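The next block holds one structure in the form of structure tokens; read it before the comments.
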Amino acid sequence: MIIFSQHMNFHEYFSELGLNSKETDVYISLYKLGTQPASTIAKHAWIERTYTYKTLIKMGEMGIISMTSKNGVKHFFIEDVNKIKKYIQSKQKKYSNMEENFSTLASQLAQYDQTLSSSTPKIALYDGHDGVANVYNTMLEELEKTGYMSIKFFASNLVYSGWNEHPKTKQHTEHFFDTLKKNKIHVDAFLGNGVMLMESIGSTIHIEDMKNLPAGNSSIHIFIIGKILYIMIFKDIPVAIKIESSELAETLHFLFEHVNVVK
């Protein structure tokens with residue numbers, strides 16, 4: 001049992017070097033057998049010869065084993081296990097240099113962000129009741145970060161939509177609107193009213209009305225915070241989409257500001 005534990009630790013160690021379980025077995029067989037051709041090592045490790053040969057070549061390129069030729073046949077051997085340590089040290093030096101140059105790389109890549117951010121929408125998808133909770137938290141974080149004190153909100157306020165409302169979703173929704181009220185965030189709310197279908201668009205200024213809106217049977221909530229659009233579609237498994245697009249947000253801001261609503 002102790003031997004098994006040590007064997008597993010050996011494999012785990014070699015996995016950090018980028019060698020899988022079979023490749024590690026090749027190294028172990030080579031260490032046990034000494035200088036041998038690939039065919040002999042393959043038989044000992046119970047691994048296909050071609051795979052064994054490619055593995056030995058790979059480890060040779062890594063510098064952790066050595067090669068020689070006898071009668072025109074390549075033989076492999078482990079000259080010094082400390083070459084593994086030297087391989088690790090070479091990687092440390094390489095990644096240390098990469099880390100030192102990272103800030104330069106990041107600043108260069110940031111130029112592409114500035115070029116593309118205005119034209120390429122960033123989209124994130126959330127699902128499930130926990131996903132809805134995450135979106136509400138994301139919106140609150142966005143309000144806190146930007147300092148916005150006003151948002152736009154559209155909801156399908158249909159009679160039938162409240163039927164399969166999930167208590168967990170209702171709890172998240174109520175908490176969200178309670179937090180808006182506490183932080184004195186103004187909400188321009190537009191409601192698509194009806195029974196089975198939206199027949200008119202109305203408005204409300206009362207947050208108490210908003211947090212009691214139905215969130216079930218495919219009802220939809222849309223929030224616009226600055227340049228970000230959040231769409232929630234409530235089903236048995238709700239889905240939410242976050243879209244960062246200044247053009248789309250500005251268009252919806254314009255539409256909501258000019259829509260004729262039924263008071």
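The numbers here are math on the coordinates, done by the rules we state, and not lab data. Here the structure is a predicted model, which means the values were calculated and not measured.
Structure notes:
- Given Lys168/Lys242; Lys70/Lys94; Lys43/Lys91; Lys74/Lys94; Lys70/Lys91, the pairs whose alpha carbons are separated by over 28 Å: Lys70/Lys94; Lys43/Lys91; Lys74/Lys94; Lys70/Lys91
- Across the range 44-56, rounded Karplus estimates of 3J(HN,Hα) from the backbone phi angles (6.51 cos²θ - 1.76 cosθ + 1.60, θ = phi - 60°) give 5, 8, 6, 10, 4, 4, 4, 5, 4, 4, 5, 5, 5 Hz, Gly and Pro being marked x.
- Straight-line cross-link reach from Lys184 at under 19 Å between alpha-carbon atoms covers these aspartates and glutamates, not counting any fewer than eight positions away in the same chain: Glu141, Glu142, Glu144, Glu174, Glu208, Asp209.
- Taking only alpha carbon atoms, the range 7-80 gives an Rg to Rh ratio of 0.94, where Rh is the Kirkwood radius.
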